[in-house]
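Coordinate-derived values only; no laboratory data. Predicted, not measured: the structure shown is a model, and the values here were computed from it. Please note: Cβ atoms are built from the backbone with ideal geometry, for glycine as well, and neighbour counts cover all protein chains shown.
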């Protein structure tokens, strides 16, 4: 009789342990799924944030590029003007200047 009670109580303990093991297994699967979902959401948020940062950097780079190009164009046009000033006048320009001087001289003589 004691062995029967012992066997029944051991059987009940084994059944209870098996039930708890199944409950723990279900809980483990639930936690695993929740962890995967959280990682997925965090990964998506991280990708969105990285993409926003990349877009911001691209826009800043474009702005800097535009500013640099405009500054270089301005500097280049200034240098071109400086070089043009250093180039001696052409024959046509000299002839025009001389004609202008002659006309002005003639006007001055007539006014006197």
*For residue 34, all conditions in the list (1) more than 34 Å from the chain's Cα centre (by Cα); (2) in a helix (DSSP H, G or I) hold save one; what is the number of the exception?*
(1)
*When region 87-112 is examined, which residues are found to be surrounded by 10 or more Cβ atoms within 10 Å (Cβ to Cβ), within 58 Å of the chain's Cα centre (by Cα) and part of a helix (DSSP H, G or I)?*
93, 94, 96, 97
